[in-house]
Amino acid sequence: MYGSSPAIKPARVRTMHCDYLPPHALSAKHYYCFDEFNTRLAELTCATLLFDYDLCSHQNINEAHYYFHQVQRPQVRYTAISLKHDASLISRDYKPLNINLSLVIMAIDDKKLCFNGVWMSTSQIALICARSRVPFTLKIPANTRVLIAEIDHMGKQLLEFSNALTPLEVNLDHMGKLRKAADITDRGELTKHTRGGTHALLTLTAELQDQIPPRRPQSLKGRSRLPRKVFMPKVMKLMEENNIALFTLNHAAESLNISTKTINLLFKYYTGFAPKRYYLLTKLFAFRHELQKPTTQSVIHAASNMNINGWSRYATRYQRVFGEMPHKTYQISHH
């Protein structure tokens, strides 16, 4: 049913100290080191996890600080995640293998998430349908439990809600029941009444179909009239295709007939990052992945594959993001 991602090998869970556990006392067995967590999350959401400089430098990224708990229920697969620092989940195209899947995203506790530049209230959810092929960004504050529900065969009527790229207002009663069921399930205490949360979720999404889809946010000013679901992926693709020496805002603006001001506004609104910062961070995260490949023969080999120049400055940036130098990442992955 959920053929959206390949099978994941059981991850190695590192020893947890009790002071790592948050107030709601989640099970230590669901905590992973960053790279294990990131792999699981990417396969679930088709998105890239990014965080800015100095956010996790105070903790060891190779220890089990990152929470990921998945539970299968009839018709729905639930995943709860949490991080000890702020992070952003960014996708230019939610494209799972099963094109009938949809994601419903919300905070389990009374905390707020930011979906596509809009902070969600406690009565709102984020909806992303695979068939709508829309980009999305989810900003996750530190120590916020996030529920990601995968639903198969959601009605085609809801594609318009996904295309709106904005949080959706839903029934508070159903929202409360879903939150309560998600909290109990996440703690591993749910035994007999396993269908309460799923019933609330399915009812909640069914009732959306009787509403008028919200309008998209007003278009940003600029020469381009491309819709945002096309605009964001095109700019991100340009970033991925160019190395750090070639990518500039002027180049992107000329290629897409978009003003540099529009690109700046768009990225700050959607991702919270300036375009250049976003570009540098995605390259740093890609470099970490390159360092960990079994075929990578050395740190210099990885740097060469990524077309990295100015090694000393780049290594310092890497350390500010991940709390370790590139050679340590390589050593841990190839020991």
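The values are calculated or read from the model by the stated rules, or taken from the named source; none is laboratory data. If you're wondering where the values come from, they're calculated on a predicted model, not measured in any experiment. Here Cβ is always computed from backbone atoms with ideal geometry, including for glycine, and neighbour counts include all displayed protein chains.
Within segment 57-72, residues that are of a type in the set (Gly, Ala, Ser) have Cβ atoms under 6 Å from residues that are buried (at least 20 other Cβ atoms within 10 Å of the Cβ) in these pairs: Ala64/Tyr31; Ala64/Tyr32, counting only partners at least 6 apart in sequence or on another chain. Among helices (runs of 4 or more DSSP H) entirely within segment 231-335, having at least 3 residues that are of a type in the set (Lys, Arg) singles out 275-292, 311-322. Residue-level analysis places Phe322 outside the set of residues that are in the same structural domain as Lys237 (by TED's automatic domain parsing), touching a strand residue (DSSP E or B) at 6+ places or on another chain (Cβ under 9 Å) and closer than 24 Å to Thr137 by Cβ. Please tell me if Glu241 is modelled with pLDDT under 80, surrounded by fewer than 16 Cβ atoms within 10 Å (Cβ to Cβ) and acidic (Asp, Glu). For Glu241, the condition - modelled with pLDDT under 80, surrounded by fewer than 16 Cβ atoms within 10 Å (Cβ to Cβ) and acidic (Asp, Glu) - is met.
Residue selection: His69 fails the criterion of being buried (at least 18 other Cβ atoms within 10 Å of the Cβ), touching a His at 6+ places or on another chain (Cβ under 9 Å) and either in a loop (DSSP other than H, G, I, E, B) or polar (S, T, N, Q) (or both).
Within segment 272-287, track down each residue that is within 18 Å of Asn250 (Cα to Cα), touching a residue at least 60 places away in the same chain (Cβ under 8 Å) and surrounded by fewer than 18 Cβ atoms within 10 Å (Cβ to Cβ).
Our first condition is that a residue be within 18 Å of Asn250 (Cα to Cα); within segment 272-287, this holds for 273-280.
Checking which are touching a residue at least 60 places away in the same chain (Cβ under 8 Å) leaves us with 273, 277-278.
Within segment 272-287, Arg277 is the sole residue that qualifies.
In segment 292-321, the residues that are closer than 23 Å to Gln59 by Cα form Cβ pairs under 6 Å with partners that are modelled with pLDDT under 95 and of a type in the set (S, T, N, Q), at six or more places apart or across chains, as follows: Gln292/Ser333. Taken over segment 79-103, residues that are in a loop (DSSP other than H, G, I, E, B), more than 15 Å from the chain's Cα centre (by Cα) and under 22 Å from Pro213 (Cα atoms) amount to 2.
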